[in-house]
1. Identify all residues within region A:63-104 that are modelled with pLDDT under 95 and outside any strand (DSSP E or B); write none if there are none.
2. Filter region A:101-114 for residues that are closer than 18 Å to B:ARG36 by Cα and among the β-branched types (Val, Ile, Thr); which is nearest to the other protein chains (Cβ to nearest Cβ)?
3. So how many residues does region B:52-69 have that are part of a loop (DSSP other than H, G, I, E, B) and either more than 17 Å from B:SER94 (Cα to Cα) or within 14 Å of chain A (Cβ to nearest Cβ) (or both)?
4. Of all the residues that make up region B:51-72, how many are of a type in the set (Gly, Ala, Ser), more than 20 Å from B:GLU11 (Cα to Cα) and surrounded by 15 or more Cβ atoms within 10 Å (Cβ to Cβ)?
5. Looking only at region B:83-101, which residues are under 18 Å from B:GLY42 (Cβ atoms) and either at the interface with another protein chain (Cβ under 9 Å from one of its Cβ atoms) or under 10 Å from the mean Cα position of the chain (by Cα) (or both)?
6. If A:ASP55 satisfies every condition in (1) touching a Lys or Arg at 6+ places or on another chain (Cβ under 9 Å); (2) more than 14 Å from every other protein chain (Cβ to nearest Cβ); (3) surrounded by 15 or more Cβ atoms within 10 Å (Cβ to Cβ) but one, which is the exception?
7. Within region B:105-114, work out how many residues are facing chain A (nearest Cβ under 10 Å) and either farther than 11 Å from B:PRO25 by Cα or at pLDDT below 95 (or both).
8. Go through (1) within 14 Å of chain B (Cβ to nearest Cβ); (2) touching a Ser or Thr at 6+ places or on another chain (Cβ under 6 Å) for A:LEU47 and report which single condition fails.
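The values are calculated or read from the model by the stated rules, or taken from the named source; none is laboratory data. Remember, it's a predicted structure, so these values are computed and weren't measured experimentally. Methodologically, a virtual Cβ is constructed for each residue, glycine included, from the backbone with ideal geometry; neighbour enumeration extends over all protein chains shown.
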Amino acid sequence: DQQVKQNSPSLSVQEGRISILNCDYTNSMFDYFLWYKKYPAEGPTFLISISSIKDKNEDGRFTVFLNKSAKHLSLHIVPSQPGDSAVYFCAAKAFNSGNTPLVFGKGTRLSVIA
Amino acid sequence: DAGVIQSPRHEVTEMGQEVTLRCKPISGHDYLFWYRQTMMRGLELLIYFNNNVPIDDSGMPEDRFSAKMPNASFSTLKIQPSEPRDSAVYFCASRAGRRAQPQHFGDGTRLSIL
């Protein structure tokens, strides 16, 4: 029973265009969400996070949007660059309900084509 | 700054052998996590420690798996006896105890059990 789902295993985008990676969750207690990026043969690297009190958080080319009513979040990368090609993991946790560990989605492989 | 350090990076061993994976967390981090990544199940949390004490080991698959954290700068994950289905990439991560701090991952140990 997956609590965090990334339904697209892969995504290809042209360099310079927008990449949109999606994530859905089922546990309404989740109140903190993160995105990690992973290159081959390396560990996941923290990218950006958002608390449930916000609906948007922006850091440079990366923006995360949270829609609590739909239990959906998305990561926008604009403009996309070849170096953004990696696997992106969505993760969630419930801070206000016992500080549960992070739950990860299975990842989306992004390929940015030059 | 030194990140999370895992060793070995790769391990190939025969079924039935004991395997020990090692992790040095980031200095000052008081949470340590062990994850396993497989194609089928993605990133799964195996166990995590707070201040060297195991808090939740519900993700440990079987009694063949054990983890220890004898001090704040070292942890081991042991599999005895190992089986081919244990083949995976094992990640260690650490984070500071302050609220909303992201986890920092090591580069993983790729384990192959023949």
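1. Passing the criteria: A:ALA94, A:PHE95, A:ASN96, A:SER97, A:GLY98, A:ASN99, A:THR100, A:PRO101, A:LEU102.
2. A:VAL103
3. Residues that pass the stated criteria total 8.
4. Of the residues in region B:51-72, 2 are of a type in the set (Gly, Ala, Ser), more than 20 Å from B:GLU11 (Cα to Cα) and surrounded by 15 or more Cβ atoms within 10 Å (Cβ to Cβ).
5. Of everything in region B:83-101, those that are under 18 Å from B:GLY42 (Cβ atoms) and either at the interface with another protein chain (Cβ under 9 Å from one of its Cβ atoms) or under 10 Å from the mean Cα position of the chain (by Cα) (or both) turn out to be B:VAL89, B:TYR90, B:PHE91, B:CYS92, B:ALA93.
6. The failed condition is (3).
7. Result for region B:105-114: 3.
8. (2)
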